[in-house]
Amino acid sequence: MIKNKLVSSIMAMGICSCVGLTVLAKPEVKPINVLLLTVDDMNFDSVGAFGCKVLGTTPNIDKLAEESMRFMHAHTHASSCVPSRNVIMTSRYLYNSGVEGFYGVPRDIVNNPTLPEFFKTNGYFAMIRGKESHTTPYYPFPEWDINFGSEKRINGNTRDPDTFYSATCDGIEAAAKADKPFFYNINIYDPHLALYNWNPKTGVGLNRQDKDNHPSRIYKPGEIVVPGFLPDTPKVRQEVAAYYSTVRRADDSVGQVVKALRDTGVYDNTVIIFLSDHGMPFPFVKTAMYYQSTHTPLIIRWPGVTKGGAVDDEHVLGAIDLFPSLAEGLGMSMDKDVDGRSFFEVLSGGKQDNRDFVYTMYEENVGGNRQPTRSVISKEYGYIVNLWSDGKREFATATKGMASTHEIRRLGDAGDEHMTQRLNLFTYRVPEEFFDYKNDPDALHNLIDDPKHQKRIEEYRSEMVRLMKVSNDPLLAIYKQRHDKEKVEAYLTKLDAESKARKADIRYSRHPEKWGKKKKNKNSKLTDEERRKRREARKAKQ
């Protein structure tokens, strides 16, 4: 039950009447609150309300969807955490937000207003719980009235759903004491690695955050459906089952957040925006640019605006559009120099023109390896350019460590030609790809050389050029010269040098307080060729 102190303070301010209690005085009309609620690494189709083939994965999210508006063609704009979240916070693409990878931006050059700054300027109480160092251009970020992570206000396991209930109640209480509406960004860590009861190297076994923190439903390998882009083997089934168990725990946390909103009486005076930062942490999804990589289960509940159970199957939207949509809907002015565009009129059932494409991108992984990639996606098709793909450079991604990736390699080594081709694609990609996502959502058949699709491919290339121009994408010039291998290599070499310089500069650290405390990587000074030889040597011993 909620603390009596919280009930008293909220009732005294006229914000709500709680269950079992009556407010005699007519409550004062308060500005509406805003909750931005995210999960980490959850696929669009892992949610029941968005067609999940596995039963019972997300009962709480499904209930929220019943009372909200669902968007069937929404995407984030990056397939890794920090860049994706900063697009949401600034309504700017990676190269305009300044955050293209897992690094911070020097404070003296940050000039893009963020959501917490925007809401504070407009009289809101701004708070964050979870993913604190991943969400803003640098960390710690001073614009939060309360940062529940940095202030050590979360006791116990940060993946425990109960902590999301208490943090939500505490945030609502703090805003009530300040006599302000709140903007609260709650970021649930699940289903990001480590997956429940699973280690990609050692197999089944509880991780630190799993002890006394079990999902309300634990999936068995026989209960799940293996995605079409992965091989169906016993080990892959175990890993996918662990993922769905972690999805269920994320859903448990969502349920606790919503329960806290209801218990404190602010549920019907709060805009709720729910989405995932990108797709599941598996090969061909996270850090990739395929349909599954950025397709997000966007749900919006806006009291007095959206209708419960409404489904938008017409417009192609991006997470970059959330900021301007909030500004318009709340009647607040914002910086016009953004890349996003409001879709507020869609929330009330209206229609918008020019909602046919979304622009997605990837630049570098947590290690700073530059691999510039762009994609244009519609409801039916997707065009991808892997500028870095030259047949030699290897894709650097955390998903290499997944058991599913090792299974692809094992099957290829055992003579499975299809798996060998998949492994080569995963490792090296190809310069351009084009997919019929309506009929091939798993992106198994590259149509880039198919004569039947050449006219459409040119249309998508033209759309990419248009999006590059209007957003001042620095990749535009080299994209037009993408067939000139020498110029592309020179461009990539320049990016590599810039990344190396950033990694050596404390100003770009997301955790400057930990600077110099990390263990030295004995392989950090190896060349790519030396690393390749070491990998081959290890492989030969297996």
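Odds and ends about this structure:
- The criterion of at least 2 residues that are among the hydrophobic types (A, V, I, L, M, F, W, C) and touching a helix residue (DSSP H, G or I) at 6+ places or on another chain (Cβ under 8 Å) is met, among strands (runs of 3 or more DSSP E) falling completely within the range 270-324, by 270-276, 298-301.
Condition check ((1) of a type in the set (Ser, Thr, Tyr); (2) modelled with pLDDT under 95; (3) not in a helix (DSSP H, G or I)) across all residues:
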position	(1), (2), (3)
TYR165	yes, no, no
ASP170	no, no, no
ASN185	no, no, yes
HIS192	no, no, yes
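- Unmet requirement for ILE408, which otherwise passes all of (1) among the β-branched types (Val, Ile, Thr); (2) within 20 Å of ARG237 (Cα to Cα); (3) surrounded by fewer than 17 Cβ atoms within 10 Å (Cβ to Cβ): (3)
- Listed by first and then second residue, the pairs with beta-carbon distance under 6 Å, at least 6 apart or on different chains, first residue in the range 199-226 and assigned by TED's automatic domain parsing to the domain that holds ALA241 and surrounded by fewer than 17 Cβ atoms within 10 Å (Cβ to Cβ), second in a loop (DSSP other than H, G, I, E, B) and of a type in the set (Val, Ile, Thr), are VAL225/VAL54.
- Test: residue in the range 122-143 that is surrounded by fewer than 24 Cβ atoms within 10 Å (Cβ to Cβ), over 24 Å from the mean Cα position of the chain (by Cα) and in contact (Cβ under 8 Å) with a residue 60 or more places away in the chain: yes
- Between ARG507, ARG466, the distinction of being within 17 Å of ASN96 (Cβ to Cβ) and of a type in the set (D, E, K, R) belongs to ARG466 only.
- Subset of the range 64-116 that is surrounded by fewer than 20 Cβ atoms within 10 Å (Cβ to Cβ) and of a type in the set (A, V, I, L, M) - its residue that is farthest from the chain's Cα centre (by Cα): ILE109
- Residues of the range 89-106 that are free of Cβ contacts under 8 Å to residues at least 60 places away in the same chain and either assigned to a loop (DSSP other than H, G, I, E, B) or of a type in the set (Phe, Trp, Tyr) (or both): GLY98, VAL99.
- The set of residues in the range 416-446 that are aliphatic (A, V, I, L, M), closer than 28 Å to HIS73 by Cα and part of a helix (DSSP H, G or I) contains only LEU425.
- Once the range 206-252 is narrowed to residues that are assigned to a loop (DSSP other than H, G, I, E, B) and of a type in the set (Gly, Ala, Ser), the residue that is farthest from ALA403 (Cα to Cα) is SER216.
- Residue check for SER293: buried (at least 21 other Cβ atoms within 10 Å of the Cβ) and either over 30 Å from VAL376 (Cβ atoms) or in contact with a Pro (Cβ under 7 Å, 6 or more places away or on another chain) (or both): no
- MET334, sole failed condition from (1) within 21 Å of VAL488 (Cα to Cα); (2) surrounded by fewer than 21 Cβ atoms within 10 Å (Cβ to Cβ): (1)
- Counting the residues of the range 173-183 that are assigned to a helix (DSSP H, G or I) and crowded, with 22+ Cβ neighbours inside 10 Å gives 2.
- When the residues of the range 367-387 are filtered to those that are more than 21 Å from ALA398 (Cβ to Cβ) and among the small types (Gly, Ala, Ser), the one that is surrounded by the fewest Cβ atoms within 10 Å (Cβ to Cβ) is SER378.
- Taken over the range 106-129, the residue count meeting the criterion of being modelled with pLDDT under 95 and over 17 Å from ASP335 (Cβ atoms) is 3.
- Screening the candidates ASN472, ASN424, ASN446 for the property of being closer than 30 Å to PRO227 by Cα, outside the structural domain of PHE229 (by TED's automatic domain parsing) and out of contact with any strand residue (DSSP E or B) (no Cβ under 9 Å at 6 or more places or on another chain) yields one hit, ASN424.
- The number of residues in the range 144-163 being assigned to a loop (DSSP other than H, G, I, E, B), buried (at least 19 other Cβ atoms within 10 Å of the Cβ) and touching a residue at least 40 places away in the same chain (Cβ under 8 Å) comes to 2.
The values are calculated or read from the model by the stated rules, or taken from the named source; none is laboratory data. Note that the structure is predicted; figures quoted are calculated from it, not measured. Ideal geometry is used to build each Cβ from the backbone, glycine not excepted, and the neighbour counts take in all protein chains shown.
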